[in-house]
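Remarks on the structure that follows.
The values are calculated or read from the model by the stated rules, or taken from the named source; none is laboratory data. The model shown is predicted, which means the values in this text are computed figures rather than measured ones. No Cβ is skipped: glycine too gets one built from the backbone with ideal geometry, and neighbour counts run over all protein chains shown. Protein only, heavy atoms only, side chains kept; ligands, DNA and RNA dropped before computing areas. Shrake-Rupley method; radii C 1.70, N 1.55, O 1.52, S 1.80 Å.
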Amino acid sequence: MGIKTALPRYELYLYTAVLAVALIWAGSWIFEASSENANRKTFKESVKPGWHYFGRKMDAADFEWVMWFTTFRNHILFALVGHVIFAKIFSLVAPKIGINGCKHRSLVFGVYGGLAVLVTMGWTFLALVLSHCIILYSVAIFKSKWMCFAAGLCTLASIKLEPFNSWQEALVTGSFNLQDILFYGGCGFSIMRCMSFALENCEKKEGNYTFSDLVKYNFYLPFFFFGPIMTFDRFHAQANNTQLIRKEREMWNITTKALLHLGGILVVDVFFHYLYILTIPSDMKLVAKLSDWSLAGLAYSNLVYDWVKAAVMFGVINTVAMLDHLDPPQPPKCITMLYVFAETHFDRGINDWLCKYVYDYIGGNHDQIFKELLATICTFAVTTLWLGPCELVYIWSFFNCFGLNFELWVAKFFSLPPLSTIESAMGEAMSRRIRGLFNAANFWAIVLYNVLSLNSLEFAKMVGRRLIFKGFPLSTLSVLLVTYCGVQLVKERERQQALLEDPEPVKPVDGGKEKAE
């Protein structure tokens, strides 16, 4: 089946109507549960006062969102705005003192980032990060990939495993609310960037990159604490580009994206006052009383929210990076658009890093079963270490690794005759419909495998048990039907994008022969 296979327009209209009604229906159940239980005792810690005049409380269960956009909003904005102003002042002053500002802008970014880290976290944290840089740079000059990986993973393990992480954290003096987040975020992303530098240095044919190249790359402030990770080869090429010319309407696009991110923040704020999607899953007694549709809506909305959060957070950072003439990793693909494990990720920077240095490096073209199995095992082993080894992460990694391989096994199985012969004999539209049924089931596997990392294992088990076993056949089939409608609409969007990128040639009249007069 080709990606450009079309379905009748009336059929797509039907799918749209079914999906819209189902989302409104599920949302009404969640809204009702949120309103009726706003004063529940178990909600006291996470449901805080909100819009007093409207009588609405606010779901404040996500510390990260609260940190970014309420409590520490001004601090983060001050640091990012300071970065932009510092770079702008340098670009204005540099020509007057005979310095090529474009040539040295990466150094300016590194100096400001280093000073910001020093002021925020203290000299001991800065010395710790520099020690990680020195260790990995020392290994990088030997140009051995396995040594770089071994040193990088050991360094990463030192901040993820006890007692090494506690010992390093104790070196950082001071105490404030953001310290834990900034410590582990700063060290973790720093080590991954150092590994990227080391592995790219192995690919350099002549000589080595300098230590200053590593420091300038690592201390770029917008990426330092929260990511996303931009691989060294891309950053080095873009940050040292002296031809700084804006594309047509580039500033308009940057402004538009910034306004969209602001709109996303406002929309999430509104939803948090009416739908307590983060707090409800923490109360399993309440969850057990909800309908199957409510559970399905909660699981789905939690993943959508996590995507919105990542898109907004990385979007704010990316806006600053684009002002610096960089092309940062894009926000992750929305969960609504996903129906295969191969495209599932919530951090495109980490995903690009893993694909380049682990998954694609080992798996090649990803069509051999055993190479794919080895590639996915190694990829999720590194991911497990990155997230921090624990029971929940082990379970998440196992199921997502299995899902990625199972997709390949199923694809290989259906490529064998007589199944491949049967599919080729049927019409392309019917093939798209049948594939959509399998994609719908796969979509819910993605939801269940990932919701446990966002909420809890108990909530994921409850959703799976209710939708697959207790709700069968009515709830199971109705949810799959709605999901099938959504998958077909996603496929239609992909078809339209494919046509824009590669338009089908217009067939000439009468086989190309001119009509006789």
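Within the range 165-173, is there a residue that is of a type in the set (V, I, T) and loosely packed, with under 13 Cβ neighbours inside 10 Å? Steps first, answer last, please.
Our first condition is that a residue be of a type in the set (V, I, T); within the range 165-173, this holds for 172-173.
From what's left, loosely packed, with under 13 Cβ neighbours inside 10 Å: 173.
Yes, because at least one residue in the range 165-173 is of a type in the set (V, I, T) and loosely packed, with under 13 Cβ neighbours inside 10 Å.
Of all the residues in the range 96-151, those that are closer than 22 Å to F183 by Cα and hydroxyl-bearing (S, T, Y) number 5. One residue is enough: does the range 96-108 have a residue meeting the conditions crowded, with 19+ Cβ neighbours inside 10 Å, in the same structural domain as F219 (by the TED database) and touching a residue at least 24 places away in the same chain (Cβ under 8 Å)? Among the residues of the range 96-108, at least one is crowded, with 19+ Cβ neighbours inside 10 Å, in the same structural domain as F219 (by the TED database) and touching a residue at least 24 places away in the same chain (Cβ under 8 Å), which makes the answer yes. Scanning the range 36-73 for residues that are assigned to a loop (DSSP other than H, G, I, E, B), surrounded by 11 or more Cβ atoms within 10 Å (Cβ to Cβ) and of a type outside the set (F, W, Y) gives N37, A38, R40, E45, S46, A60, A61, D62.
Among residues belonging to the range 146-164 that are assigned to a loop (DSSP other than H, G, I, E, B) and free of Cβ contacts under 8 Å to residues at least 40 places away in the same chain, point out the one that is least open to solvent (accessible area, probe 1.4 Å). It would help to see each step written out before you state the result.
Of the range 146-164, the ones assigned to a loop (DSSP other than H, G, I, E, B) are 159-163.
Restricting the remaining residues to those that are free of Cβ contacts under 8 Å to residues at least 40 places away in the same chain gives 159, 162-163.
Working: I159: 2, E162: 120, P163: 85 Å².
Within the range 146-164, the match that is least open to solvent (accessible area, probe 1.4 Å) is I159.
The set of residues in the range 220-263 that are crowded, with 17+ Cβ neighbours inside 10 Å and over 22 Å from the mean Cα position of the chain (by Cα) comprises H236, A239. When the test is whether a residue is in a helix (DSSP H, G or I), closer than 26 Å to R493 by Cα and open to solvent by less than 30 Å² (accessible area, probe 1.4 Å), L408 passes it.
Taking every residue in the range 252-267 that is aliphatic (A, V, I, L, M) and pairing it with any residue that is buried (at least 16 other Cβ atoms within 10 Å of the Cβ), at least 6 positions away or on another chain, the pairs with Cβ-Cβ distances below 7 Å are I254/T319; I254/M322; I254/L323; A258/T319; I265/F69; I265/V312. Of the residues I446, I422, the single one that is loosely packed, with under 15 Cβ neighbours inside 10 Å, of a type in the set (A, V, I, L, M) and in a helix (DSSP H, G or I) is I422.
Give the residues of the range 336-364 that are of a type in the set (A, V, I, L, M), open to solvent by less than 30 Å² (accessible area, probe 1.4 Å) and in a loop (DSSP other than H, G, I, E, B), sorted by residue number. Can you show your working first?
In the first step, residues of the range 336-364 are kept if they are of a type in the set (A, V, I, L, M); the result is 337-338, 340, 342, 350, 354, 358, 362.
If we keep only those that are open to solvent by less than 30 Å² (accessible area, probe 1.4 Å) as well, we get 338, 350, 354, 358.
Correct list: L338 only.
The single condition from (1) exposed (fewer than 14 other Cβ atoms within 10 Å of the Cβ); (2) within 30 Å of W51 (Cα to Cα) that D283 fails is (1). Of the helices (runs of 4 or more DSSP H) entirely within the range 207-253, those holding at least 1 residues that are of a type in the set (S, T, N, Q) and touching a Cys at 6+ places or on another chain (Cβ under 7 Å) occupy 211-218.
Being in the same structural domain as F219 (by the TED database), of a type in the set (S, T, Y) and out of contact with any helix residue (DSSP H, G or I) (no Cβ under 9 Å at 6 or more places or on another chain), is that true of even one residue in the range 119-136?
Residues of the range 119-136 in the same structural domain as F219 (by the TED database): 119-136.
Add one more test, that the residue is of a type in the set (S, T, Y), and what stays is 120, 124, 131.
If we keep only those that are out of contact with any helix residue (DSSP H, G or I) (no Cβ under 9 Å at 6 or more places or on another chain) as well, we get 131.
Yes, that holds for at least one residue.
Please tell me if I434 is free of Cβ contacts under 8 Å to residues at least 60 places away in the same chain and either β-branched (V, I, T) or not assigned by the TED database to the domain that holds G486 (or both). Yes: the conditions hold for I434.
If you take the residues of the range 1-35 that are of a type in the set (S, T, Y) and open to solvent by 90 Å² or more (accessible area, probe 1.4 Å), which of them is nearest to L489 (Cα to Cα)? So, considering only residues that are of a type in the set (S, T, Y) and open to solvent by 90 Å² or more (accessible area, probe 1.4 Å), the one nearest to L489 (Cα to Cα) is Y13.
Residues in the range 365-374 that are among the acidic types (D, E) and part of a helix (DSSP H, G or I): E372 alone. For first residues located in the range 1-29 and farther than 14 Å from S478 by Cβ, partners that are outside any helix (DSSP H, G or I) and open to solvent by less than 40 Å² (accessible area, probe 1.4 Å) and lie 6+ apart or on another chain with Cβ distances below 8 Å form the pairs G27/L275.
Does K143 fit the bill of being in a loop (DSSP other than H, G, I, E, B), under 24 Å from the mean Cα position of the chain (by Cα) and surrounded by 14 or more Cβ atoms within 10 Å (Cβ to Cβ)? Spell out the reasoning first.
Working: in a loop (DSSP other than H, G, I, E, B): yes; under 24 Å from the mean Cα position of the chain (by Cα): no; surrounded by 14 or more Cβ atoms within 10 Å (Cβ to Cβ): yes.
The answer is no for K143.
Within the range 291-318, the set of residues being open to solvent by 20 Å² or more (accessible area, probe 1.4 Å) and more than 15 Å from W65 (Cα to Cα) comprises S291, D292, W293, Y300, S301. Whenever a residue of the range 353-371 is touching a residue at least 40 places away in the same chain (Cβ under 8 Å), its partners that are among the acidic types (D, E) and open to solvent by less than 20 Å² (accessible area, probe 1.4 Å), lying with C-beta atoms within less than 7 angstrom and at least six residues away or across chains, give the pairs H366/E372. Considering the range 264-278, the residues that are under 19 Å from the mean Cα position of the chain (by Cα) and assigned to a helix (DSSP H, G or I) include one that is farthest from S46 (Cα to Cα), namely G264. Scanning the range 393-434 for residues that are among the β-branched types (V, I, T) and over 23 Å from the mean Cα position of the chain (by Cα) gives V410, T421, I422, I434.
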